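Trainee: Would you mind keeping the following structure in view while I ask a few things?
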Amino acid sequence: AREQSLQNEVASKEQEVLQVRSDLEEDRLERIAVENHMKEEMKQMEADLKESNAREQSLQNEVASKEQEVLQVRSDLEEERLERNAVENQIKEEMKQMEAD
């Protein structure tokens, strides 16, 4: 009976060891699943960030292009103003000349 009791205790301890190993394996698999999920989320966040940066860069390029257009239009307007002033001055000179004649 004593031997049977010890054998039962050994079997019980072996069962506990198997249960602990099973629990550890379950925890390990769960941890791996969580890590993989986090890696996927990180990849998605990086992809989103890259896309966002690309959109921002594109918008900055568009803004720079529009600023360039504005400067060109201002330059053209200034050139036209100077030409108009030159023509007006020439007409005034010619009218003075006519009055003097």
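The values are calculated or read from the model by the stated rules, or taken from the named source; none is laboratory data. Quantities reported herein were computed from a predicted structural model and do not represent experimental measurements. Please note: Cβ atoms are built from the backbone with ideal geometry, for glycine as well, and neighbour counts cover all protein chains shown. Just the protein is used for accessible areas: all its heavy atoms, side chains included, with ligands, DNA and RNA removed. Shrake-Rupley method; radii C 1.70, N 1.55, O 1.52, S 1.80 Å.
Trainee: Using the Cα centre as the reference, give the magnitude of the dipole from point charges on the C-beta atoms of the chain (Lys, Arg: +1; Asp, Glu: -1; all else neutral), rounded to the nearest 20 debye. Each step should come with its number before you reach the end.
Mentor: Working: 15 positive and 29 negative charges, 97 e Å.
Using Cβ point charges on Lys, Arg, Asp and Glu, the chain gives about 460 debye.
Trainee: Run the 1.4 Å probe and let me know the accessible area of I32, rounded to the nearest 10 Å².
Mentor: The accessible area of I32 comes to roughly 60 Å².
Trainee: Helix-only mean residue ellipticity at 222 nm, the chain, DSSP H runs n ≥ 4 weighted -39,500 (n - 2.57), per residue, nearest 500. What is it?
Mentor: So the calculated ellipticity at 222 nm is -37500 deg cm²/dmol.
Trainee: What is the sum of charges, Lys and Arg at +1 and Asp and Glu at -1, for the other residues whose Cβ falls under 13 Å from the Cβ of Q90?
Mentor: With Lys, Arg at +1 and Asp, Glu at -1, the net is -1.
Trainee: Quantify, in whole percent, the carbon and sulfur part of the accessible surface of region 1-75 (1.4 Å probe; protein heavy atoms only).
Mentor: 54 percent
Trainee: Let me ask you something else. Could you report the chain's accessible area per residue, 1.4 Å probe, as an integer in Å²? Numbers along the way, then the final one.
Mentor: Values: 9690 Å² over 101 residues.
Averaged over the residues of the chain, the accessible area is 96 Å².
Trainee: For E99, what is the net charge nearby, where nearby means another residue's Cβ is under 15 Å from its Cβ and Lys, Arg count +1, Asp, Glu -1?
Mentor: Numbers: positive: K92, K96; negative: E93, E94, D101.
Net of charged neighbours comes to -1.
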